[in-house]
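First the structure, in the form of structure tokens, and then the observations on it.
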Amino acid sequence: MSRIPLVDLAASYDRHRHAIEPAVRTVLAETRFILGREVGEFEAAFAEFCGTRHAVGVSSGTAAIHLSLAALGVGPGDEVAVPAHTFVATAEPVTWLGARPRFVDVDPATGSMDPDGLKAVIDRVRAVVPVHLYGLPVDLDAIGALARDAGVPLIEDAAQAHGAEFVHDDGSVVRAGAYGRIGCFSFYPGKNLGAFGDAGAVTTSDPTLADTIRRLSDHGRVSKYEHLTVGYAARLDTLQAAVLGAKLRTLREDNQRRRDLAAGYRSRLSGVGDLVLPAEPANRRSVYHLFVLRTRHRDGLLAHLRDAGIGAGVHYPIPLHLQPAYASLGHRPGDLPATEAWARECLSLPIYPELPDEHLETVAAEVRRYFETAG
Ligand SMILES: *Cc1c(COP(=O)(O)O)cnc(C)c1O
């Protein structure tokens with residue numbers, strides 16, 4: 001157990017228990033465990049938060065991506081553009097549907113899908129799934145324009161970006177999950193909005209797509225025992241919806257606290273060793289799901305921090321195109337150089353709303369100490 005963990009779910013529970021416990025007790029007392037009132041209430045509140053007309057609660061972020069691709073008719077013979085530097089769940093559902101992920105290299109500055117890499121494959125793909133990595137929106141103007149010109153739907157993997165904002169050239173602001181045809185969110189416990197188990201949501205302003213995704217999540221059913229299509233068992237639990245509804249109320253301030261912590265790291269770590277701090281282009285507001293540094297001394301720094309009781313992490317050490325699971329695609333090291341450099345050099349520092357200022361101070365001091373002594 002680290003002295004300063006990478007995430008602290010106990011601290012989060014402590015801060016929210018006064019709101020969560022009565023909401024959970026109500027669900028238990030009413031026993032409406034499947035599609036109870038809290039599911040619809042949470043969906044409405046989350047759609048409003050994201051700025052979309054609809055949100056559909058589902059069983060996980062992975063299910064959100066799966067149902068979205070299925071609703072758009074992705075299937076055998078199709079290719080779907082996915083960044084190579086992400087969690088595997090961005091790509092898995094593509095494979096489940098019999099389609100093939102087309103791994104795209106990432107922008108060296110931000111680690112998210114490189115518009116130039118996408119440009120090279122856009123004419124071949126059936127859908128594009130960029131990831132708002134670490135809480136920072138991708139370059140939505142560039143990626144959105146490519147997808148639009150090619151007539152290909154954009155599905156935002158917003159699993160790490162609840163509340164992140166992108167400012168268009170005309171000054172208008174869009175939140176993660178509200179730009180593309182569909183946004184996919186995870187409420188995995190450690191995410192910016194976390195449930196007490198697996199949960200997720202799909203956001204869209206297209207009512208037909210929302211209906212299709214809702215139906216697919218619930219056995220393709222149109223009434224209790226009438227099934228229009230073969231669907232899935234991927235509903236959002238009422239208990240999780242109750243937890244999420246309680247925690248959503250503080251998400252804005254929680255995200256602001258993450259931004260303040262990021263600013264704290266930034267001022268203490270700029271110019272230290274060969275560290276590259278997270279980029280935040282002027283037109284994008286990150287919600288800092290993770291605070292990710294880059295250094296050529298990653299493994300040494302990681303070991304130093306862990307010895308000091310600090311729960312640093314690596315997101316992600318093995319690029320998707322080089323995973324054993326995707327060996328059949330025939331990629332070789334060197335195919336996606338920017339992705340591979342991120343995998344070698346990235347290191348995540350603890351960041352969560354409950355992280356005390358003193359802990360941030362300690363983490364930053366240990367990072368500096370590493371470069372003063374060993375680096
Ligand atoms: C967490 C995550 C997912 C998957 O979400 P689950 O709720 O764990 O299924 C997908 N994509 C990214 C980028 C994630 O971080």
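The values are calculated or read from the model by the stated rules, or taken from the named source; none is laboratory data. Owing to the predicted nature of the structure, the values given are computational and were not obtained by experimental measurement. Cβ atoms come from the backbone with ideal geometry, glycine included; neighbour counts cover every protein chain shown. Just the protein is used for accessible areas: all its heavy atoms, side chains included, with ligands, DNA and RNA removed. Shrake-Rupley method; radii C 1.70, N 1.55, O 1.52, S 1.80 Å.
Answer yes if at least one residue in region 277-287 is touching a Gly at 6+ places or on another chain (Cβ under 6 Å), over 16 Å from residue 42 (Cβ atoms), away from the ligand (no atom under 16 Å from the Cβ) and not assigned by TED's automatic domain parsing to the domain that holds residue 148, and no otherwise. No, the conditions are met nowhere in region 277-287. Return the residue satisfying two criteria in turn: it lies in region 144-166 and is more than 12 Å from the ligand (Cβ to nearest atom) and within 17 Å of the chain's Cα centre (by Cα), and of such residues it is surrounded by the fewest Cβ atoms within 10 Å (Cβ to Cβ). It comes out as 165. Of all residues in region 216-227, those satisfying the criterion of being under 20 Å from residue 182 (Cβ atoms) and either part of a helix (DSSP H, G or I) or over 24 Å from the mean Cα position of the chain (by Cα) (or both) are 216, 217, 220. Scanning region 64-75 finds no residues that are in contact with an Asp or Glu (Cβ under 6 Å, 6 or more places away or on another chain) and within 11 Å of the ligand (Cβ to nearest atom).
Candidates 205, 172, 186: the one that is assigned by TED's automatic domain parsing to the domain that holds residue 120 and near the ligand (Cβ under 10 Å from one of its atoms) is 186.
Take the conditions (1) surrounded by fewer than 24 Cβ atoms within 10 Å (Cβ to Cβ); (2) within 29 Å of residue 189 (Cβ to Cβ); residue 58 misses just one of them, which is (1).
Taking the conditions (1) touching a strand residue (DSSP E or B) at 6+ places or on another chain (Cβ under 8 Å); (2) open to solvent by 50 Å² or more (accessible area, probe 1.4 Å) in turn, residue 299 satisfies each one other than (1). Restricting attention to region 119-137, the residues that are closer than 24 Å to residue 70 by Cβ and small (Gly, Ala, Ser) total 1.
Only residues in region 161-190 that are at positive phi count as the first member; pair them with residues that are open to solvent by 40 Å² or more (accessible area, probe 1.4 Å) and modelled with pLDDT of 95 or more, Cβ under 8 angstrom, at least 6 apart or cross-chain, and list the lot. That search, which allows pairs on different chains as well, returns 163/175; 163/252. Kindly indicate whether residue 269 is within 16 Å of the ligand (Cβ to nearest atom) and surrounded by 17 or more Cβ atoms within 10 Å (Cβ to Cβ). No: the conditions fail for residue 269. Cβ separations smaller than 9 Å between residues 6+ apart or across chains give the following pairs from region 22-51 residues that are under 11 Å from residue 237 (Cβ atoms) to residues that are part of a helix (DSSP H, G or I) and open to solvent by 80 Å² or more (accessible area, probe 1.4 Å): 27/37; 36/30. Listed conditions (1) touching a helix residue (DSSP H, G or I) at 6+ places or on another chain (Cβ under 8 Å); (2) under 30 Å from residue 239 (Cβ atoms); (3) within 13 Å of the ligand (Cβ to nearest atom) are all met by residue 132, apart from (1).
Against the condition among the hydroxyl-bearing types (Ser, Thr, Tyr) and modelled with pLDDT of 95 or more, how does residue 2 come out, does it pass? It is false that residue 2 is among the hydroxyl-bearing types (Ser, Thr, Tyr) and modelled with pLDDT of 95 or more. State whether the residues of region 76-83 include one that is open to solvent by 10 Å² or more (accessible area, probe 1.4 Å), hydrophobic (A, V, I, L, M, F, W, C) and over 22 Å from residue 191 (Cβ atoms). Checked against the condition, which is being open to solvent by 10 Å² or more (accessible area, probe 1.4 Å), hydrophobic (A, V, I, L, M, F, W, C) and over 22 Å from residue 191 (Cβ atoms), region 76-83 yields no hits at all.
If you check 40, 61 for being closer than 30 Å to residue 224 by Cβ and away from the ligand (no atom under 16 Å from the Cβ), only one passes: 40. Give the residues of region 323-344 that are in contact (Cβ under 8 Å) with a residue 60 or more places away in the chain and either assigned to a helix (DSSP H, G or I) or polar (S, T, N, Q) (or both), sorted by residue number. Correct list: 323, 325, 326, 329, 337, 338, 339, 341, 342, 343.
Note on region 1-51: among residues that are part of a helix (DSSP H, G or I) and of a type in the set (Phe, Trp, Tyr), the one that is nearest to residue 353 (Cα to Cα) is 13.
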